[in-house]
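Structure record follows, encoded as structure tokens.
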Amino acid sequence: MITVTNLSKTYGGTLVLELPELSIPKGQRFGLVGNNGAGKTTFFSLLLDLIESSSGRIAINDIDVQSSEDWKPFTAAFIDESYLIGYLTVEEYYYFLGSLRGLSTKEIDEWVLGFESFFNGEILGKKKYLRDLSKGNQKKAGIVGSLIGSPDLVILDEPFANLDPSSQIGLKKLIEDIAKKSTITFLISSHDLTHVTEVCDRIVLLEKGKILKDIKTTPSTLKELESYFSFKE
Amino acid sequence: MASYSVIDSIKLSKKKFFRAPQWELKLAIRILISFVVLYFLAAFLFLGVGIYFIAQKSAPEQNPVFLINQFLIYYFGIDLLIRYFVQNLPITNIKPLLIQPISKNKIVQGVMLRSLGSFFNWIPLVILLPFCIVYTLNETTTYTLWIWLLGVLFFAGINNFLVFFINKSRVVAVGLFLLLLLGSVFQNVLGVPLLSFFEKGYDFLFLNPEAVAAPFLLFILTIGVQYVFLKKQLYLDKGFSGKKERIVGSGLTVFDRVGSLGVFIKNDIRLILRNVRARQVVFMGFLFLFYGIIFFTQEVYMESYVMLIFAGIFTTGGFMLTFGQLVPAWDSEYFSFLMCQNIPYRNYLKSKLYLMMFSVVLSLILSLPYLYFGIKIMTIILATAIFNFGMGSFITLYSGAFNATPVKLNVKAKAFENTQNFSFSQLLFTLPKIVLPVLVFYVPFQFFGFTAGIIGLCLTGLLGLLFNGFLLSRIEKTYQKRKHQTLSSFQKT
């Protein structure tokens, strides 16, 4: 699904990301962990061609993201609230996304019913602009929005942050259900080690822009990660 | 408790300014804008000095003060209207102070005192103080003149606080302005002197200095009410919560028929309906409709075609210019989202283009009353509209690609503080938007006369329409090439 070769990004002489080689196969749930400044968001931004790389290339389905835009129809992302259009209602936002991905308003209306329990009755039909929703509900609205039109690749930055406990559990279930039913590739970054190890089948640990660990998730992964992130005496 | 003073409040504002990203640029712009403000101050000063002599000349038997009094109600009405659109209470800045050991009285005092520093409060002083000095030098007056000045200043102060109440309710605001409009229609068109009541009041104030007690008490009253009101607002669920907004523009299904372009048009209409800043710009564009009056009513300009073309361009293109120069900045809040969507860039641009073109047509229709000034003026308006429609719209859209300062959609821009969307490149781009039409008129005009000039304008507009596909492709390429630059500057707020 994703192939990274010799990718690097520097800001004013400081290297913030250096990935000589990374490949993410189709259908994988790929977890990205690391402290602040490790390069997680930089990686996502490069992947979405929102910043230019200093060297190297990223390809989604063999399409170089920097030279073509053909990856856009099957790629979706929710990075932060700036991925919502604040002055639209949730429904209007979904219709907009649907129209970009070839779905009619009727199809969207039907599709969105499947998320009723995840939304917990707090999001749909509220007659509120997205900018007036709480942080948690904005996040939920955005995550579901990124699933519209069944993309092949979904990128979520910190999806668990700001969610209430029920929604965190709901989101884990949601991702697992989708993974069972389809071959969507998930890229998930998180500061919550428990959640990310439960949801992802592969974890990559970044530190100062470099890959420090690349592990297939096993029952002992959480312990391993926790020992890495603990303060050393 | 008392350690937080007004000075501390000013210090905080200072830090906010100097620590903002790109503050050097902002400082440079501030300096530039200070010159503009200085220019206005100087103009007002001259006006203030001049009023006395103008009044003497036009109505020698009448006391100049009475002449001024005729205009005061209009001034205060327009003052209130403009304040309504631009003046905001600086309340959001004080949120962090709430849980600090500072008394709420002090916080409220700081906010109210700062609001008095508004530019609008200085205008009457700057105009009327020189007037009063000139008046005193030329006439034998007593202190009554100065009491009258004081009274007028009180009225300005009342406006300063009144506007915050009007801001709370759209119904009150619209009602008040309708009342004023009706009043001036009755006064000037139907001959029912409703507004003379105010004029009489100001005259009374001049003749009976003790009457200053009325505006003074009213001023104190607004301060008191504002004080009590503000203090109640210092809770998260009150003043900081933001108004609960009604959903507007949810229908718009008409545009579904235009396919994927309709989606963008729908979004743009909602953007305008639902965001304070966008509504402000629409209002500005509306004001430009009256730009023609300044020129068309003056005999001196009737033979100066350059000025008339200039007036025509602004009259028919006000909205186009003010709205268009902020494309793509209107979408800056979610620009990275748009950029990773499967978006046909062309449709995105087309929607903005059509909106601008539509505004030109609308402005043209609303400009029809200018027919009153004769066929020649109307011809100029029609020709400049065609130019704006076919060529100006493309130039504006193109120039937008170089405007990389983000727009905060739901935040009001303040008068003379609208630095967030000022850039040198924008200044440069005003040249083709304004000089080009003058040029395509003037060159043929010099050789072949008025009709040729008008044809020149129309042809340029039609040329733009003829090559619309080519122009749009060029613009699209420019936008695409500048994508990463635009993205990174939109992220810096």
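When the trypsin sites (Lys or Arg not before Pro) in region B:434-493 are filtered for DSSP coil states and for at most 14 other beta-carbon atoms within 10 Å of their beta-carbon, the remaining sites are B:Lys492. Which Cα, out of A:Ser134, A:Ser8, A:Ser220, lies furthest along the positive dipole direction of region A:2-229 (beta carbon charges, K/R +1, D/E -1)? The listed residue farthest towards the positive side: A:Ser220.
Listing B:Glu24, A:Glu52 from fewest to most neighbouring C-beta atoms within 10 Å gives B:Glu24, A:Glu52. Take every DSSP beta bridge whose two residues both sit in the protein assembly as shown; close to 60 percent of them are antiparallel.
The mean number of Cβ atoms from other chains found within 10 Å of a Cβ in peptide A:94-106 is 3, as a whole number.
Shielding of peptide A:80-90 by partners, expressed as the average count of other chain Cβ atoms within 10 Å per residue Cβ, is 6.
Ordered by the number of other Cβ atoms lying within 10 Å of each residue's own Cβ, fewest first, B:Thr478, B:Thr396 fall into the sequence B:Thr478, B:Thr396. Mean separation of Cα pairs under 8 Å and 6 or more residues apart, divided by the residue count, gives region A:2-229 a relative contact order of 28 percent. Neighbours of A:Glu69, meaning other residues whose beta-carbon lies under 11 angstrom from its beta-carbon, give a summed charge of -1 when Lys and Arg score +1 and Asp and Glu score -1. Hull volume per residue, based on the alpha-carbon atoms of the protein assembly as shown and their convex hull, is 202 Å³.
Averaged over peptide A:61-71, the number of partner chain Cβ atoms lying within 10 Å of each residue's Cβ comes to 1.
If you stretched the chain out fully between B:Arg170 and B:Ser103, how much longer would it get, using 0.36 nm times the residue separation minus the C-alpha to C-alpha distance?
Contour length minus the Cα-Cα distance gives 20.9 nm.
The antiparallel fraction among DSSP beta bridges confined to region A:61-220 stands at about 45%. Among the chymotrypsin sites (Phe, Trp or Tyr not before Pro) within region B:75-151, which fall in a DSSP loop and have no more than 16 other Cβ atoms within 10 Å of their own Cβ? Taking region B:75-151 and a limit of 16 other Cβ atoms within 10 Å, the loop chymotrypsin sites (Phe, Trp or Tyr not before Pro) found are B:Tyr143. Other residues whose C-beta falls under 13 angstrom from the C-beta of A:Ser45 contribute a net charge of -1, scoring Lys and Arg +1 and Asp and Glu -1. Assuming R0 = 51 Å, what is the FRET efficiency of A:Lys106 and A:Leu222, from their Cβ-Cβ distance, to the nearest 0.05? Taking R0 as 51 Å, the efficiency between A:Lys106 and A:Leu222 is 0.70. Among the trypsin sites (Lys or Arg not before Pro) in region B:216-318, those located in a DSSP loop and surrounded by at most 16 other Cβ atoms within 10 Å of their own Cβ are B:Lys238, B:Lys243, B:Lys244, B:Arg246. Taking R0 as 22 Å, what FRET efficiency do you get between B:Ser184 and B:Thr142 from their Cβ-Cβ distance, rounded to the nearest 0.05? The pair B:Ser184/B:Thr142 has a calculated efficiency of 0.10. One Cα centroid belongs to region B:172-224, the other to region A:45-100; the line between them spans 57 Å. Which whole-number percentage describes the relative contact order of chain B, with Cα contacts under 8 Å and a sequence gap of 6 or more? Relative contact order for chain B comes out at 15 percent. Separation of region B:102-164 from region B:47-74 is 19 Å, based on Cα centroids. As a calculated quantity, the FRET efficiency between A:Asp64 and B:Leu273 at R0 = 56 Å, using C-beta atoms, amounts to about 0.90.
Computed from the coordinates by the stated procedures, all read-outs in this text should not be read as laboratory data. Please read all numbers here as calculations on a predicted model, not as lab measurements. When we count neighbours, we look across all protein chains shown, and the Cβ atoms used for this are built from the backbone with ideal geometry, even at glycine.
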